[in-house]
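Trainee: Got a structure for you, written out below as structure tokens; questions coming shortly.
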Amino acid sequence: MPAERFRQPSVLPGFGLTFGFTTFFLSALVLLPLAALALMAGSMHWSDFVRVVLSARALGSYRLSFGASFLAATTNLAFGFVIAWTLVRYQFPGRKAVDALIDMPFALPTAVSGIALTSVFAANGWIGRYLAAFGIQVAYTWIGVTVALTLIGMPFMVRTLQPAIAEVQRDLEDAAETLGAGRLYVFRRIVLPTVLPAMLTGFTLAFARAVGEYGSVIFIAGNLPMKTEITPLLIVIHLQEFDYRGAAALGSVMLVISFVVLLTINLIHSWGRRRLVATAH
Amino acid sequence: MALGVRLAAREELATRPGRDTLLTVGLRWLLIAVSLAFLAALLLAPLATVFVTAFSHGLGAYLDTFDDPDTRSAIRLTLVSAAVVVPLNTLFGLAASWCIAKFEFRGKSFLLTLIDLPLAVSPVISGMLFVLLFGLQGWFGHWLQDHNISIIFALPGIIIAEMFVTFPYVARELIPLMQQLGNDEEEAAITMGAGAWMTFFRVTLPKVRWGLIYGVILCNARAMGEFGAVSVVSGHIRGLTDTMPLHIEILYNEYNFVGAFAVASLLTLLAVLTLVIKTSVERTGYKRR
Amino acid sequence: MSITLDQVTKRYQGATVVNDVSLDIGDGEFFVLLGPSGGGKTTLLRAVAGLTGVDHGRISLHGRDVTHLAARQRGVGLVFQNYALFRHMTVTDNIEFALRVRRMRAAARRARRRELLRLVSLEGLDDRLPAQLSGGQQQRVAVARALAHKPEVLLLDEPFGALDAKIREELRRTIRQVQRELGITTMLVTHDQEEAFALADRIGIMNLGRLLEVGRPDDLYARPATRFVATFLGAANLLLARQSSRGLSFGSEPVSVPHVEATAHVREHEVVAVLRPEEIEVAPSREALKTTFIAEGVVDEILFSGALERLRVRLGDGAAGAHVVRSESSADEPFLEVTRAQHEQRVFPLAQGQAVTLGVRRLHVLPTPLSSFTVCAPTEELARRLAGHALLTELATRMKTRIAVQVEPSLETAEGDAGVGFGGATVIASRAGAARSVEWLLRRGAEEVLVLPENAPSPRRVLIHWSDESARRATLAVSASLLRHVSAEAVYIGILPQSGSLGAQRPLGMRALLDARSEAQAVHGLDMRTELRFGDVARELALRLAESPQQLLILGITDLTELDGRFASLLEEPRWPLLVVYQPAERPRAAEPARAAADLVRIA
């Protein structure tokens, strides 16, 4: 077997079978399509590529997609921290049910959350009507997009923060308290720095998720070119017009950004670990 | 044990001198209230609105939705595609986790990155990849047309797109679990003369069964509910290539809100069921990392 | 006094983890709280630090009542078992943390940090992160950090627990040195007796939430007052012996050890003797013995352990009656643990199975009146059943003592004579007319009678009452002896008759309460609550008992007719465990309750 050369010996059987199946599956399902995308984008003339990727409409969609995603992730940073903190540190009736509910946006089909959010935040919806009274229109504006993206990113933020907050050793806070620190000081100097890597990871995850989100956004966004049109929608429109090259160009831009984000998460992880876990001696 | 320790710590904290000042108690309830309000607005209200709208014209109107042949075909298509996708992805998850968790080889982290990829990529791009491959102007477009095989805008396309989007779930659940549990028991079984399959079915599978269930239900929920990728490859042909989420979009855009939310209510129930299974799996002591 | 604890009590989920602890720690003293894990010592330390509140009692630091003060206002330094260093901060930031909180200027902070790092000999490691330090270094940083704000009191919670033996010893020396240099009052919690001996000015031993004994290490080792301390501090053979005017004797053979301070008028009774393994001499024959003979025996096991040789010697027939109570073995076989130094081994080499003669250089008699239990019932079967009573066996196990069985056919009729004398506390089953049986037993030489209802649960509260002040001493001694072995609160109930003017009665009653409390505290180290009630004695006690089934009543009497008189209703058919302590009014009681009287016996 050729596999023997590059793997370390083991008494366990099944490497050839599982490795073969895994690589075949991944090649067919991931590598082949990726190659098609690269070739499709690469076959474009450079100026065509730039024209598609930097068109006014594309730039408008980037602004909305990345801007709203950033806002949503920031919102989640604040509320996600409060929710995670509440769930880990406090005891209150219904805590377990709330904890289980956090995963809802993850399990719920995006189309469902899309139409449901739209009807809740529409001008005549349960919440939308009160906001409309203050002249705030949520549905069919960038605010609506942000709300939908916040919902999508929320479980990622909370689930990343929960273990991190639980891991802040009680002893550390106790120690700080016996040394004379007030609670706010303990929070600022001990809790926050310990949870910081998790916050950054959660932020990045929520952001990455939001940038690519499609289903829950298209219902609540107005889908007006330049104003409320997200980048994934622009790709779909290119595809529907059978402009595969244009779609591939936009898609490769988004893919590159996704890779950068993934890389960032890994860097944050290793940074956080290097900082806190024993390495010397 | 761990829970007991946490409880003791909470109890100790509660009695700590200078702890329960008006300010801290107020802050505690404020934070709880903020959390609950946030979740109520963003989660509970939409969930409730699904059912309220679905039943807004009474039970009859709700049930009428499911008499519609297009709706029925959407449900059937969703179930059929999930019935193909979930077992295949389970098989892949088991193979990939065995290969990655049990062996050390070069290129392992590359495989892991490929497995993580669909989670990081927009579903629209996922769908687009297959359009580029099998679409009319795609790599295999002409060849497929010549042989009269349709993948895009047909069932195979939907299945492939769902597979791409959901294959990481089982593997992502099993790999860390198998790594954490280690190889000792398998190696013991092998040295006692057990065969490969026996080792797998009698030793490994029982150890990871909760993680497997967890991964499979997540995979199923995401497959049935996938919208973006399927939307790109399906072509939205009523009664032929629309799955439930796509059908919701069609009904919604026709201003048939009762119909849209009635179909949505089914998928919501599926999500609730998924969460219930997930919670009960966690109650067995299985902990997700 | 630097640290003063006054009746500190802490409960977790209904269980009392710190039980009425009172303690004074002097300025600059190094005090070690020693005890098995789960004994409540860490909880007590955290209560002093202000990390946990107390349910009852007061805590003062340097005369300032801090009971309700938050941890950060108490000015203590606390060192944790797992260091609890701030992992994202350098050594500098960790040590300067408390100074920053206090807004000290940078130059002053730096100077203080230098001084502290020199103190714990970690100069030059200022910029390291905790992850870059070894365990021992981390704990040194933790000590420096705890001292930075010049706390009045240094608290250490098992600070060496996570370190290996060699580093542990080094760090121990450092901490002792730092403590001496700064003269800071220090309280350290540990379960390691070696550590306690090495560090402590005084040791306090905690078990089951109770502070059992406090004293200098050598004192506690040589003259423990309780079985627990005798066996927890070093190894000890506990033997039941009979003490009389002639001295001590073990078993049936009349070998007696002359008691140095044997009081002539003492009537024969059972005591618990402590024999340290190193104080036992092994000789080939009685003639060769340089010390006082105690028994013949056969060598059962020889273990070589470096400097010392450990022997297990089975006692011969002559001494078989001597009951040896040992912590680890439940078997009733009379073994003695003996250790011998190298030179003894050379003079008289031993082999397994060899017959030897044992002598003792010094022994110590525990001042506990509850030496053992003797179950008393009219038939063999009833006696066996009572001996298996859950509460009784629990008590006997905790007190590391035996339950003897004695059949008394005339127990129920309460007529005629009893068989032999009763050893320790006599136990009977609760039934109708228990009062007469109790009276009959007390008349025939029993000193305490425990009446046990079937299925009586382990008590959470022990009520104490005596009918007459002359019964106080004996009742308190028995109460203290019992309470050391159960995790229950002690409540003394004083009851005055309702008749007459309350105004005149109250001061009298209060004084009796104070006397009771101070004697319990001073003589037995037992802290108890006190309550004053007015009315009929039996009725008031019954009312208090009715509050919960998990209670036990200790009743001290001086006059046997009271059993059938004012206490008749209580003794009719007791539903709660009831311990009657009898102190005849006319003569002093046999057992010396006071610690002071528990004298060391020196022979040869």
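What follows draws every value from the coordinates through simple rules; no lab data is involved. All values derive from a computational prediction rather than experimental measurement. With ideal geometry, Cβ positions are generated from the backbone for all residues, glycine too; neighbour counts draw on all protein chains shown.
Trainee: Mind checking which of C:Ala377, C:Leu411, C:Met399 is farthest towards the positive end of region C:368-413's charge dipole, using Cβ charges of +1 (Lys, Arg) and -1 (Asp, Glu) about the Cα centre?
Mentor: The residue sitting farthest along the positive end of the dipole is C:Met399.
Trainee: If you split all Cα-Cα distances of chain C into 10 Å bins from zero, what percentages do you get per bin, shortest first?
Mentor: Pairs per bin, as whole percents: 3, 15, 23, 22, 18, 12, 6, 2, 0.
Trainee: So what is the calculated 222 nm ellipticity per residue for chain B, using -39500 (n - 2.57) for each DSSP H run with n of 4 or more, over all residues, to the nearest 500 deg cm²/dmol? Walk me through the numbers before you get to the answer.
Mentor: On the way: 15 runs with 214 residues, N = 289.
Result for chain B: -24000 deg cm²/dmol, rounded to the nearest 500.
Trainee: Taking the 0 to 90 degree range and rounding to the nearest ten, how far is the long axis of helix C:434-443 tilted relative to the main principal axis of chain C, both from C-alpha atoms?
Mentor: 90
Trainee: Using Cα pairs under 8 angstrom and six or more residues apart, how large is the relative contact order of chain C, in percent? Show your work: numbers first, answer last.
Mentor: Details: 1317 pairs, mean separation 72.9, N = 604.
Answer for chain C is 12 percent.
Trainee: Next up: Could you tell me the distance between the Cα centroids of region B:255-283 and region C:177-197, to the nearest Å?
Mentor: What the calculation gives is 62 Å, centre to centre.
Trainee: Report ³J(HN,Hα) in whole Hz for each residue of region B:177-189, in order, from the Karplus equation J = 6.51 cos²θ - 1.76 cosθ + 1.60 where θ = phi - 60°; Gly and Pro get x.
Mentor: 5, 5, 4, 5, 6, x, 9, 3, 5, 5, 5, 4, 4
Trainee: Roughly how many debye, to the nearest 20, is the charge dipole of chain B about its Cα centre, given +1 on each Lys and Arg Cβ, -1 on each Asp and Glu Cβ, and no other charges?
Mentor: Working: 21 positive and 21 negative charges, 209 e Å.
Dipole of chain B, to the nearest 20 debye: 1000 debye.
Trainee: Here's something else I'd like to know. ³J(HN,Hα) across region C:566-582 via Karplus (A = 6.51, B = -1.76, C = 1.60, θ = phi - 60°), whole Hz, x for Gly/Pro?
Mentor: Residue by residue, region C:566-582 yields 5, 9, 3, 5, 5, 8, 4, 7, x, 9, 10, x, 10, 10, 9, 10, 10 Hz.
Trainee: Can you tally the net charge around C:Gly353? Count Lys and Arg as +1, Asp and Glu as -1, for every other residue whose Cβ sits under 15 Å from the Cβ of C:Gly353.
Mentor: On the way: positive: C:Arg312, C:Arg314; negative: C:Glu296, C:Asp300, C:Glu301.
Cβ neighbours under 15 Å give a net charge of -1.
Trainee: Students often get this wrong, so check it: of A:Lys96/B:Lys102; A:Lys96/B:Lys207; C:Lys41/C:Lys166, which have C-alpha atoms separated by over 30 Å? Before the final figure, lay out each step's value.
Mentor: On the way: A:Lys96/B:Lys102 35 Å; A:Lys96/B:Lys207 26 Å; C:Lys41/C:Lys166 25 Å.
Beyond 30 Å between Cα atoms: A:Lys96/B:Lys102.
Trainee: So for region B:41-194, what are the equivalent ellipsoid semi-axes in whole Å, largest first, each being the square root of 5 times an eigenvalue of the Cα gyration tensor?
Mentor: Semi-axes (√(5λ), whole Å): 38, 26, 16.
Trainee: Among residues other than C:Ala446 whose Cβ falls under 11 Å from its Cβ, what is the net charge (Lys/Arg +1, Asp/Glu -1)? Intermediate results must be reported in sequence, preceding the final value.
Mentor: Numbers: positive: C:Arg443, C:Arg444; negative: C:Glu408, C:Glu439, C:Glu447, C:Glu448.
Net of charged neighbours comes to -2.
Trainee: Counting other beta carbons within 10 Å of each Cβ, put C:Glu194, C:Glu152 in order, fewest first.
Mentor: Listed from fewest to most nearby Cβ atoms, that is C:Glu194, C:Glu152.
Trainee: Something else about it: Where the only charges are on Cβ atoms (+1 Lys, Arg; -1 Asp, Glu), what is the dipole of region A:45-275 about its Cα centre, to the nearest 20 debye?
Mentor: In debye, rounded to 20, region A:45-275 gives about 340.
Trainee: In region A:45-275, if every C-alpha pair distance is counted and binned at 10 Å from zero, what percent goes to each bin?
Mentor: 8, 27, 30, 21, 11, 3, 0
Trainee: Looking at A:Phe81, A:Pro155, A:Ala176, which one has the Cα that reaches farthest to the positive end of the dipole of region A:45-275 (charges on Cβ: Lys, Arg +1; Asp, Glu -1)?
Mentor: Towards the positive end, the residue furthest out is A:Ala176.
Trainee: What is the pair-distance distribution P(r) of region B:240-287, computed from all Cα-Cα distances in 10 Å bins starting at 0, with each bin given as a whole percent?
Mentor: 26, 34, 20, 16, 4
Trainee: One-quarter of the Cα convex hull surface for the protein assembly as shown, in nm²?
Mentor: Working: hull surface 249.7 nm².
If you wrap the Cα atoms of the protein assembly as shown in a convex hull and average its projections, you get 62.4 nm².
Trainee: Within a 10 angstrom radius of each residue's Cβ in A:29-40, how many Cβ atoms of other chains show up on average? Whole number is fine.
Mentor: Details: counts 9, 10, 2, 5, 13, 6, 4, 11, 5, 1, 2, 7.
Mean number of neighbouring Cβ atoms from other chains: 6.
Trainee: Follow-up. Provide the per-residue ³J(HN,Hα) series for region C:506-518, in order, calculated from phi with Karplus coefficients 6.51, -1.76, 1.60 and θ = phi - 60°, each as a whole number of Hz, with x at glycine and proline positions.
Mentor: 4, x, 4, x, 4, 5, 4, 4, 4, 4, 4, 5, 6
Trainee: Let me ask you something else. Taking amide hydrogens as modeled 1.01 Å from N in the peptide plane, which residues meet the under 5 Å criterion relative to C:Asn237, leaving out close sequence neighbours?
Mentor: For C:Asn237, whose amide H was placed from the backbone, the distant partners under 5 Å are C:Leu275, C:Arg276.
Trainee: A further question on this structure: Going by amide H atoms built from the backbone, whose H comes under 5 Å of the H on C:Val405, apart from near neighbours?
Mentor: Amide H neighbours of C:Val405: C:Val375.
Trainee: Could you pull out every residue, at least 5 positions away or on a different chain, whose amide H is within less than 5 Å of the one on C:Ile294? Hs are placed 1.01 Å off N in the peptide plane, and Pro or chain starts have none.
Mentor: Here the answer is C:Leu358, C:Gly359, C:Val360, since their amide H atoms fall under 5 Å of that of C:Ile294.
Trainee: Follow-up question, since we're still on this one. Just for chain C, what percent of DSSP beta bridges are antiparallel, to the closest 5? Could the numbers behind the result be given before it?
Mentor: On the way: 68 of 119 bridges.
Close to 55 percent.
Trainee: Could you line up B:Thr78, B:Thr113 from fewest to most neighbouring Cβ atoms inside 10 Å? Walk me through the numbers on the way to the answer.
Mentor: Values: B:Thr78 27, B:Thr113 14.
Taking fewest neighbouring Cβ atoms as first place, the list is B:Thr113, B:Thr78.
Trainee: Given charges of +1 on the Cβ of Lys and Arg and -1 on the Cβ of Asp and Glu, with all other atoms neutral, how large is the dipole of the protein assembly as shown about its Cα centre, in debye to the nearest 20? Don't jump to the answer; show the numbers that get you there.
Mentor: Details: 116 positive and 108 negative charges, 706 e Å.
Roughly 3380 debye for the protein assembly as shown.
Trainee: Considering only DSSP beta bridges where both residues belong to the protein assembly as shown, give the percentage that are antiparallel (nearest 5).
Mentor: Numbers: 69 of 120 bridges.
DSSP beta bridges in the protein assembly as shown are roughly 60 percent antiparallel.
Trainee: Determine, for A:Tyr90, A:Tyr62, the number of other Cβ atoms within 10 Å of each Cβ, and report the residues in order from fewest to most. Intermediate values should be presented prior to the final figure.
Mentor: Numbers: A:Tyr90 14, A:Tyr62 20.
Neighbour counts put them in this order, fewest first: A:Tyr90, A:Tyr62.
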